[in-house]
Amino acid sequence: MRILKIQTLRGPNYWSIRRHKLIVMRLDLENLAETPSNEIPGFYEGLVEALPSLEGHYCSPGCRGGFLMRVREGTMMGHIVEHVALELQELAGMHVGFGRTRETATPGVYQVVIEYINEEAGRYAGRAAVRLCQSIVDRGRYPKAELEQDIQDLKDFSREASLGPSTEAIIKEAEKRGIPWMPLAARFLIQLGYGVNQKRMQATMTDNTGILGVELACDKEATKRILAANGVPVPRGTVINFLDDLEESIEYVGGYPIVIKPLDGNHGRGITIDIRSWDEAEAAYEAARQVSRSIIVERYYVGRDHRVLVVDGKVVAVAERVPAHVIGDGRSSIAELITETNQDPNRGEGHDNVLTKIELDRTSYQLLERQGYTLNSVPPKGTLCYLRATANLSTGGSAVDRTDEIHPENVWLAQRVVRIIGLDIAGLDIVTTDISRPLRDVDGVIVEVNAAPGFRMHVAPSQGIPRNVAGAVMDMLFPNEKPSRIPILTVTGTNGKTTTTRLLAHIYKQTKKVVGYTTTDGTYIGDYLVEAGDNTGPQSAHVILQDPTVEVAVLESARGGILRSGLGFESANVGVVLNVAADHLGIGDIDTIEQLANLKSVVAEAVFPDGYAVLNADDHRVAAMAEKTKANIAYFTMNPDSDLVRKHIQKGGVAAVYENGYLSIVKGDWTHRIERAENIPLTMGGKAPFMIANALAASLAAFVQNVTIEQIRAGLRTFRASVSQTPGRMNLFNLGKYHALVDYAHNPASYEALGSFVRNWTTGQRIGVIGGPGDRRDEDFVTLGKLSADIFDYIIVKEDDDTRGRLRGSASDLIVQGITQVKPNSRFESILDETQAINKALDMAPDGSLVVILPESVNRAIKLIKVRGVQEEIQPQN
Ligand code: ATP
Ligand code: ATP
Ligand code: MG
Ligand code: MG
């Protein structure tokens, strides 16, 4: 077996609209191509031995053991690889359920599709599954040690990619509320929402979090001073920079017990509390110096440690934090008790679980000593033995929810403190013997205020009720149904995508909104180019969706992008499908026009139920997509008598129709005329029917998004794009006595479309300079010839400079074959060199004629025309 290609899909895709995270593996079974599993001796037994849990896979029989039954009876290896890849992820704790396997047109080559949670893990699982199956084929078994390593590696991928418990909590809440999110390229920034409606977060800081508040909170001494100045109870203390000042500072805070900590520390690093002697104080000073130059000396306040979380001015959760400890059982030593405690499956490394494993540090031994223990002591049953002085979860502490117990006065105080510091999300560390009584009554203090407080202790306390603190954050960022998304309109089809996308963006601009759009020419925001190039994939969509100024996104969506990586966003508000015609068949395992239609229908299917699929009623493959989408349907048609559209309107639907020379929206009993085709420059004076169709589609897409008829009309009338913006797209030049048209129609459907315009040219002869890229199929050249015979009065057949491996002259022979098949007495000649062919056509053009050039190089063709003194460029869009 050999893996030919692995692709990672993100977003609705060819295989599934709902499952957005899929790996597609192109797998060549090689010598196993003809051998089902039942014909491989020992395979079934080896597989069951390696992965007994495959018993849980139902597969087509629909019952437990169903898949293994298929293996026993005989199924192909691609299918087995699929199930194994899913099971490996499952064993590593990533729950995935979706898989598909299909043979491609190349015998023995399969597409194996598997769901993933983590991209890298998914790709790894695919490769490991192939390895596992191959090993069982070759040796009858897969070594246990290797399987364990695979599972460990998969777990590592998953852990490394994890965003941290606070971010996870926020993302989960966002998903629950239907708020889209994506990681940004740097600094663990997360974007919530799209475009102009987006918010950003980094851990638990938001884009509302002020830098002044953060800096103040990070400076413990300044925080205390400001709070003290406002009458808030804070520890009595001072800051020193030299050991010489330590003694005096201890006196200043009122003598022992004291606390020594670094001025700008966190996570409890370098802190020693409850210091009772000079020796301890000196050691504590040194420890704090490791972390910070300046040292805080404070009075030690007796009490328990509490974290009060304030979001958007309100206390949303309170947790008591209990330092790492063990409880004696009368039999085990402290060392044994620690080992036992750390075996709790809830304890992980760092922040990757609810609790963190207990590790001992310098203060732990001091603390034990003070309690009269060593690691080998056996504490009496039921005694609490502290192992850490501070209660940080990251040093093995635990948390008890106390949200319902905090005294109202303390709530008021906490909220006031956070306002004074100036933070939208803050965690207060309060030391008090009893949080249910006012701080003042029990000599409690606010030790510090934390910016970016962790959520773990509130969403997953070791005791008490978990609190949905991420919900409070979402309420703040997106209050009262404030939109998080921007409208997304996608356009696909075989021909006319770029034109329609540009036109739709232009129509939308009439609403004065900032429109971001992507096309095969580039990515644009408003009137400006962001990036040139073929930008129809998900990356370019993200450029638009991440831009903080964009209010509407219009995205050209081409087959290649959908196939390679999926749509890149979960749903659109409008999905336009213009047409489906044979083009690029045989590429990417899309071999038939039906498959191509299925691929394009992703755009229609990935529309919100309250959105619209805008479909071409005149193309039966497109019209049929209505069956597959949950969205509303809007049809456009060139045929005012279309049965389909009439019925649709009778049922209350909306449509765009070309009737009596007008582009109109028909809804209910009313026909809203937008504009005469003649007055729409894009339609070339109404002579280019396919452009009328594109304009109908764009108008309809805008209309269902509540753009007004007036705005649509204004857009259609003023849509202009220069040759420099859309070279090769129906570029018409007036050369005085005759006209020349440059277009790179590149498939039969677009020649046909071009022909419909050329046939409308009635002032003189129609001359064609035609040819096509050498990598097309033979029959495509014949078709080009046949179509051309019907369109032109005179044809010059030429070839590309780059024949793409074809014998020179062979493409033109095929074209000529097509021409003569249709019209044996056609007037034509072959001039293989493109420049010569174009010049010949321009030289011979009689008055009133039209020379149509389908060039290899658009730029060269345009230059050849321009040197002849072009009077004006009459672009379709101009
Ligand atoms: P974190 O990152 O967890 O907030 P930190 O490194 O910022 O910790 P502090 O919050 O200042 O440090 O102190 C850590 C813990 O030490 C406090 O939560 C509290 O339990 C204890 N502590 C600090 N100062 C005092 C004090 N003056 N009296 C009593 N306990 C204190
Ligand atoms: P690409 O696949 O190259 O990105 P596209 O779908 O974006 O193409 P456009 O760039 O808008 O298409 O148009 C390319 C050419 O296709 C036009 O110059 C014209 O010849 C033809 N064309 C445009 N619209 C249609 C249509 N609705 N039906 C058939 N052909 C069309
Ligand atoms: Mg703290
Ligand atoms: Mg395009």
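Zone of Arg416 (label point 7 Å along Cα→Cβ, backbone N under 19 Å): which residues in segment 436-451? Taking a point 7 Å out along Cα→Cβ of Arg416, the residues of segment 436-451 whose backbone N falls under 19 Å are 436-450. Amide H contacts under 5 Å for Glu675: Leu663, restricted to partners 5 or more places along the chain or on a different chain, H placed in the peptide plane at 1.01 Å from N.
The mean sequence distance of close C-alpha pairs (under 8 Å, at least 6 residues apart), as a share of the length of segment 239-391, puts its relative contact order at 21 percent. For segment 212-227, backbone phi angles converted through the Karplus equation (6.51, -1.76, 1.60; θ = phi - 60°) give residue-by-residue couplings of 4, x, 5, 5, 5, 5, 6, 9, 4, 5, 4, 4, 4, 5, 5, 5 Hz, Gly and Pro being listed as x.
Karplus-based coupling profile of segment 580-597, in residue order and whole Hz: 10, 9, 4, 6, 6, 5, x, 9, x, 6, 9, 10, 10, 5, 5, 5, 4, 4, with θ = phi - 60° in 6.51 cos²θ - 1.76 cosθ + 1.60 and x standing for Gly or Pro. For Cys59, the amide hydrogen comes within under 5 Å of the amide hydrogens of Phe67, counting only partners 5 or more places away or on other chains and with H modelled in the peptide plane.
The stretch between Trp278 and Thr8 holds 91.0 nm of extra length on full extension. This uses 0.36 nm per residue minus the Cα-Cα distance.
Stretching Asp244 away from Glu55 to a fully extended chain increases their span by 60.9 nm, per 0.36 nm per residue minus the current alpha-carbon distance.
Here the residues Lys667, Lys600, ranked from fewest to most Cβ neighbours within 10 Å of their Cβ, fall in the order Lys667, Lys600. Under 5 Å from the amide H of Val491 lie the amide H atoms of Leu555, Glu556, Ser557, Val576, each residue being 5 or more positions distant or on a separate chain, with H modelled from the backbone and absent for Pro and chain starts. Computed extension gain for Lys651 through Gln152, at 0.36 nm per residue and net of the alpha carbon distance, reaches 173.9 nm. The distance between label points at Arg102 and Ala145 comes to 4.2 nm (points 7 Å beyond Cα on the Cα→Cβ vector). The ranking of Glu405, Glu481 by Cβ neighbour count inside 10 Å, starting from the fewest, reads Glu481, Glu405. Per-residue 3J(HN,Hα) values for segment 182-188, derived from phi via the Karplus relation 6.51 cos²θ - 1.76 cosθ + 1.60 with θ = phi - 60°, read 8, x, 8, 5, 9, 6, 6 Hz in sequence order (x marks Gly and Pro). Assuming a ≥ b ≥ c are the square roots of the Cα gyration tensor eigenvalues, decide whether the chain counts as rounded (a/c under 1.5), prolate (otherwise, with a/b larger than b/c) or oblate. Cα axes put the chain in the prolate bin.
Applying the criteria of a DSSP loop state and at most 11 other Cβ atoms within 10 Å to the trypsin sites (Lys or Arg not before Pro) of segment 361-426 yields Lys381.
As a rough footprinting exposure proxy, the listed residues Thr536, Thr383, Thr726 were ranked by other beta carbons within 10 Å of their own, and the order from fewest upward is Thr383, Thr726, Thr536. Between Gln539 and Glu405, the FRET efficiency estimated from the beta carbon spacing at R0 = 41 angstrom works out to 0.25. Rounded to whole Å, give me the distance from the Cα center of segment 141-194 to that of segment 212-262. Each part reduced to its Cα centre gives a spacing of 40 Å.
Could you calculate the FRET efficiency of Thr762 with Ile593 from 1/(1 + (r/R0)^6), where r is the beta carbon distance between them and R0 is 35 Å, rounded to 0.05? Taking R0 as 35 Å, the efficiency between Thr762 and Ile593 is 0.55.
How far is the Cα center of segment 779-829 from the Cα center of segment 550-607, in Å? That distance is 31 Å. Within the shell defined by Cβ-Cβ distances under 12 Å, the residues around Asp802 carry a net charge of -3, with Lys and Arg each +1 and Asp and Glu each -1. Name the shape class, rounded, prolate or oblate, that the alpha-carbon gyration tensor gives for segment 566-666, where a ≥ b ≥ c are the square roots of its eigenvalues, rounded holds for a/c under 1.5, and otherwise prolate holds if a/b is larger than b/c and oblate otherwise. Since a/c reaches 1.5 but b/c is at least a/b, the shape of segment 566-666 is classed as oblate. Label positions at Ile465 and Arg225, each projected 7 Å from the Cα along the C-beta direction, are separated by 4.2 nm.
Using the average count of surrounding beta-carbon atoms within 10 Å as a protection proxy, the listed peptides 31-38, 859-866 rank, highest first, as 859-866, 31-38.
Remark: for residue pairs Lys600/Lys647; Lys199/Lys512; Lys687/Lys840; Lys600/Lys667; Lys155/Lys261; Lys513/Lys866, the C-alpha separation exceeds 28 Å in Lys155/Lys261; Lys513/Lys866.
Of all beta bridges that DSSP places with both ends in the chain, some 70 percent have antiparallel geometry.
Each Cα pair under 8 Å and six or more residues apart adds its sequence gap; the mean of these over the residue count of the chain is a relative contact order of 9 percent.
Sequence-distant contacts, meaning Cα pairs under 8 Å at least 6 residues apart, place the relative contact order of segment 178-306 at 20 percent.
The calculated FRET efficiency for the pair Lys863 and Asp641, based on their C-beta separation and a Förster distance of 41 Å, comes to about 0.35. With a ≥ b ≥ c the root eigenvalues of the C-alpha gyration tensor of segment 296-348, is it rounded (a/c under 1.5), prolate (a/b larger than b/c) or oblate? Verdict is oblate for segment 296-348. Within segment 788-809, list the residues whose amide N lies under 14 Å from a label point set 7 Å along Cα→Cβ of Val822. Only 788-797 pass the distance filter. What separates the Cα centres of segment 21-75 and segment 313-390 is a distance of 48 Å.
Quick note: the coordinates plus some simple rules give every number you see, no bench work behind them. Computed from a prediction, not measured in an experiment: that's the story for all the values here. Ideal geometry is used to build each Cβ from the backbone, glycine not excepted, and the neighbour counts take in all protein chains shown.
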